[in-house]
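To start, the structure itself, in structure tokens.
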Ligand SMILES: [Zn+2]
């Protein structure tokens with residue numbers, strides 16, 4: 001395959017103190033849609049995900065369960081990996097931060113590099129810490145006296161730690177973000193970051209005492225009394241996941257990242273702390289940070305106490321991965337908070353996937369089977385056929401334009417619009433009774449089908465693969481959508497339903 005350059009993207013590296021929930025699935029699916037789009041554009045893609053294991057909350061969660069931290073992390077990392085596979089996240093590396101061979105050498109190197117720049121110093125410190133966020137807060141940031149993210153009281157900590165000279169990088173960061181050298185999407189999040197930077201940056205602690213860390217995590221090089229702050233090593237996953245410290249050639253080829261996909265709650269870590277650490281280490285900054293919102297369930301925030309945490313694995317088992325992906329990508333605004341309900345998933349599955357794309361695919365293949373022995377017919381085309389075929393190139397271009405702005409939901413809407421226009425064309429022509437234009441109608445429909453099999457790839461990868469197989473298509477790229485991949489005479493597989501109608505419960 002010819003490659004048109006590279007593309008490197010990441011999900012956030014989730015804490016594995018509990019099992020994955022629907023918010024993680026949203027992020028995985030969004031990241032994957034971007035990855036698959038660029039793969040279809042011929043890029044060589046690396047996608048890093050993983051598990052953030054060196055945190056205090058994992059230590060606490062393990063204590064509560066009465067098992068070792070290692071065991072808890074192992075179990076939950078496996079659950080995250082299982083979920084990533086189930087929703088079709090096409091990762092190239094699943095980096096566990098407990099990986100002493102893959103992760104630790106690079107992080108030790110990063111620490112030494114930043115230390116060598118004179119950006120690390122030790123001082124006594126007293127502050128308010130939220131274990132949920134794994135972050136210190138200023139009193140001014142806590143109007144209600146509790147963590148804005150977790151609503152819980154903070155712990156007062158006093159100890160001697162290493163600090164990173166964040167204050168040194170405020171001006172440089174402000175300029176780089178203003179000029180979109182590191183583009184923050186959406187604009188509102190960019191302004192939020194700029195506001196935070198302009199408020200003045202304070203140095204932040206990048207280690208904790210071995211006793212507070214309970215010995216869990218990466219030791220600070222040359223100082224056995226300290227463990228690295230979990231965010232320091234977790235952010236470094238974006239480097240070690242492509243070989244930093246272990247495979248310099250791979251790293252040199254893929255860094256900087258084209259995009260980090262994150263949730264809004266960890267914006268500051270990714271848009272302030274992380275680029276400052278990279279500037280200190282003399283490494284290029286990621287090109288973009290994509291910030292999605294949070295997902296509520298039937299209008300309420302997911303929480304353990306409300307008992308409404310949705311398990312994405314259960315949804316995949318019940319409905320399949322693509323209906324879930326469709327609902328997350330199409331139902332939740334790409335860059336702001338959104339709501340999820342099973343009722344909506346069922347409605348979208350039935351009214352859009354089944355009635356539009358599924359219906360068009362099945363009818364086309366069924367009619368080609370019935371009237372043309374399952375072979376693509378040959379026919380003269382008229383102006384109306386030409387106009388319908390021209391929509392393929394037009395929509396491929398429009399979907400691309402949205403994907404390049406990271407407007408995933410809009411891209412998916414356009415895909416369904418294209419499908420709907422073919423569905424309507426087929427219905428209007430009535431080839432089942434209108435023999436005169438039958439062959440040309442079914443030829444044009446088969447072209448629509450092969451195009452949809454390619455263009456649906458970023459959003460509905462399992463369906464796209466099934467469609468491609470059913471049409472006997474070779475692997476194709478985005479630009480092939482507009483080509484005659486199925487010549488007249490090409491044999492198709494037996495027609496099959498792409499989606500199942502789901503019984504609606506009341
Ligand atoms: Zn918190």
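The values are calculated or read from the model by the stated rules, or taken from the named source; none is laboratory data. The structure displayed is predicted, hence computed values, not measured ones. Cβ atoms come from the backbone with ideal geometry, glycine included; neighbour counts cover every protein chain shown.
Structure summary
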{"read-out": "Some residue of region 102-123 being closer than 21 Å to residue 209 by Cβ, within 16 Å of the ligand (Cβ to nearest atom), part of a strand (DSSP E or B) and more than 28 Å from the chain's Cα centre (by Cα)", "value": "no"}
{"read-out": "Answer from 128, 166 - the residue that is within 16 Å of the ligand (Cβ to nearest atom) and surrounded by 12 or more Cβ atoms within 10 Å (Cβ to Cβ)", "value": "128"}
{"read-out": "Criterion (at pLDDT 95 or above, under 19 Å from the mean Cα position of the chain (by Cα), buried (at least 24 other Cβ atoms within 10 Å of the Cβ) and under 16 Å from residue 325 (Cβ atoms)) met by exactly one of 412, 452", "value": "412"}
{"read-out": "Residue in region 61-73 that is touching a residue at least 24 places away in the same chain (Cβ under 8 Å), within 16 Å of the ligand (Cβ to nearest atom), surrounded by 18 or more Cβ atoms within 10 Å (Cβ to Cβ) and part of a helix (DSSP H, G or I) present", "value": "yes"}
{"read-out": "Within region 137-154, considering residues that are within 30 Å of the chain's Cα centre (by Cα) and outside any loop (DSSP other than H, G, I, E, B), the one farthest from the ligand (Cβ to nearest atom)", "value": "141"}
{"read-out": "Only listed residue being under 23 Å from residue 366 (Cα atoms) and not in a loop (DSSP other than H, G, I, E, B), chosen from 396, 453", "value": "453"}
{"read-out": "Qualifying residue in region 192-203 (condition: over 25 Å from residue 148 (Cβ atoms) and surrounded by 22 or more Cβ atoms within 10 Å (Cβ to Cβ))", "value": "no"}
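A quick yes/no check of all residues on (1) surrounded by 20 or more Cβ atoms within 10 Å (Cβ to Cβ); (2) assigned to a helix (DSSP H, G or I):
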| position | (1), (2) |
| --- | --- |
| 27 | yes, yes |
| 42 | no, no |
| 54 | yes, no |
| 82 | no, yes |
